[in-house]
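Visitor: Mind having a look at this structure? Questions to follow.
Here, each number is a calculation from the coordinates, and none is a lab measurement. Only a predicted model underlies this, so the values are computations on that prediction, with no experimental measurement involved. Backbone-built Cβ (ideal geometry, glycine too); neighbour counts: all protein chains shown.
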Amino acid sequence: MIRPGLVIFDCDGVLVDSEPIDARIRSECLRAAGFPIIAQELADHPGISGANLIAMIEGRFGRPLPEDFMRTTRAKIMSAFREDHECVQGRIDSH
């Protein structure tokens, strides 16, 4: 039997739920860049790819996102993940 070289465990929503954090930070960044989007609008599209998000926003507003928007927003999201993740209630002991 061949052993895999890599196994990826997708625990989002099982142990922690990153989608609300992602939607909140992206909406804050979009609003700061002049694209009035609320977090719930982004939460309605969980797991949307970066390319599809760009197409959705640019199509809706008829103008491009700032050149470095995705990179700087991703850095803010990663920082928020480190600081704001909370355990999904009933899944694991958070103590």
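Visitor: Are any residues in the stretch 6-44 part of a loop (DSSP other than H, G, I, E, B) and within 21 Å of His85 (Cβ to Cβ), and if so, which ones?
Guide: Of everything in the stretch 6-44, those that are part of a loop (DSSP other than H, G, I, E, B) and within 21 Å of His85 (Cβ to Cβ) turn out to be Ile8, Phe9, Asp10, Cys11, Gly13, Val14, Leu15, Asp17, Ser18.
Visitor: Quick one: what pairs do we get from the stretch 69-86, first residue free of Cβ contacts under 8 Å to residues at least 24 places away in the same chain, second assigned to a helix (DSSP H, G or I), C-beta under 6 Å, 6+ apart or different chains?
Guide: Final answer for the pair search is Met70/Gly50.
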